[in-house]
Amino acid sequence: MTDASSSAASPMRSALEFKRGAQPLIIAVGLAAASVLAVAALQAAPRDGAQVAAIFAPWTSGDGVMARVAQADGLLVRRGLLDSIMVVQSDEPGLIGRLYASGAWLVIDPNVFGGCLAGHGDRAR
């Protein structure tokens, strides 16, 4: 009977040992992912006075985005891949705050995520 009870407990014991053994790996993967995200966030932070990519709600039309950029006193440089993304600049400081105030979801450095933000080569006129 001890053999039967020890064999029944063996799968349960090995499952507990696996969970304990996987815990350091899960922690290491989580810390690595957090590090990558932190570096990406630092790299994507826009600088005032430079061109920035303003990302608005995906359902915002191109005309709506242009109106919001104008409301923030921004100058349209080019369109992004989607109508809700515009690369803008301003000679006046505080553009980033004004874009957020006009409804931008995110304002980032367009050079960091250029592949995602680049339009089809069309420049604003």
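What follows is calculated from the coordinates using simple rules that are stated; it is not laboratory data. Since we're looking at a predicted model, the values are computed, not measured. Note: ideal-geometry Cβ built from the backbone for every residue, glycine included; neighbour counts use all protein chains shown.
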Packing-ranked peptide list from 57-70, 87-100, highest mean Cβ count within 10 angstrom first, is 87-100, 57-70
Karplus-derived 3J(HN,Hα) from phi for region 65-75 (6.51 cos²θ - 1.76 cosθ + 1.60, θ = phi - 60°), whole Hz, x at Gly and Pro, runs 5, 4, 5, 5, 5, 5, 4, 8, 6, x, 9
A chain fully extended from L31 to L82 at 0.36 nm per residue, minus the present Cα-Cα distance, gains in nm 15.1 nm
Computed ³J(HN,Hα) along region 77-92: with the Karplus parameters 6.51/-1.76/1.60, θ = phi - 60°, integer Hz and x for glycine or proline, the list is 9, 7, 7, x, 5, 10, 4, 7, 10, 9, 9, 10, 8, 7, 7, 8
Between D73 and W105, the FRET efficiency computed from the C-beta separation at R0 = 25 Å comes out, to the nearest 0.05, as 0.85
The farthest towards the positive end of the charge dipole of region 52-117, of the residues I108, V52, L81, given +1 on Cβ of Lys and Arg and -1 on Cβ of Asp and Glu, is L81
